[in-house]
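Undergrad: First the structure, then my questions, so here it is.
Nothing in this text is a laboratory measurement; each read-out follows from the coordinates by a stated rule. No experiment lies behind these values; they were computed from the predicted model shown. All Cβ positions, glycine included, derive from the backbone under ideal geometry; neighbour counts span all protein chains shown.
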Amino acid sequence: MSNTSSNQTSTGRAWVMLLLAGAFEIAYALSVAGSQAFTVLSWSISAIVFFLLTLYALSVALKSIDVGIGYAVWAGIGAVGSAIFGSFLFDQSLTLTQAFWLAVIIAGVIWLKLASSEKAQPEKPGLVAS
């Protein structure tokens, strides 16, 4: 396997871990809401488990993804997912204005991903690929 192919595989796995970290973040936020200030044991335990899982997955992802990009994507996934699922699971309101701004977050996350792809990066002069 060439070095470029290995880097692409590593980067791809990092993005999968980042998406997984985002899913764990959503579960964590919903568990915290369900725990009612950590007074419901089952939700509280769930919150602790998802907190540890999201930190682990995020740390693995940030080995290959720039921290600024990775954190923004992770936070965006968590915010949007928590708002959407919270409206269904806990009957929290989700207005049209809130939905619009969540869409802006989603668009920003997609834009960050596209801007950080290797194809979007300018080649550095003087460097020769091996």
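Undergrad: Hey, fewest Cβ within 10 Å first, where do K63, K113 land in order?
TA: Result, fewest neighbours first: K63, K113.
Undergrad: To continue, here is another question. Mind sorting S87, S42 by how few other Cβ atoms lie within 10 Å of their own Cβ, fewest first?
TA: Ordered from fewest to most neighbouring Cβ atoms within 10 Å, S87, S42 come out as S42, S87.
Undergrad: Per residue and in Å³, how big is the convex hull formed by the alpha-carbon atoms of the stretch 1-69?
TA: Hull volume over Cα atoms, normalised by residue count, gives 74 Å³.
Undergrad: What number comes out for the charge environment of L58, summing +1 per Lys or Arg and -1 per Asp or Glu over other residues with Cβ under 15 Å away?
TA: 0
Undergrad: Shifting gears a bit: Quick one: if you stick a label point 7 Å off each Cα along the C-beta vector at S10 and L52, how many nm between them?
TA: If labels sit at S10 and L52, their model points lie 2.8 nm apart.
Undergrad: Something else now. If each residue's Cβ is checked for other Cβ atoms within 10 Å, how do I84, I110 rank with the fewest at the top?
TA: I110, I84
Undergrad: Run the quick spin-label model on L19 and D66: label points 7 Å from Cα toward the beta carbon, then report their separation in nm to one decimal.
TA: 2.2
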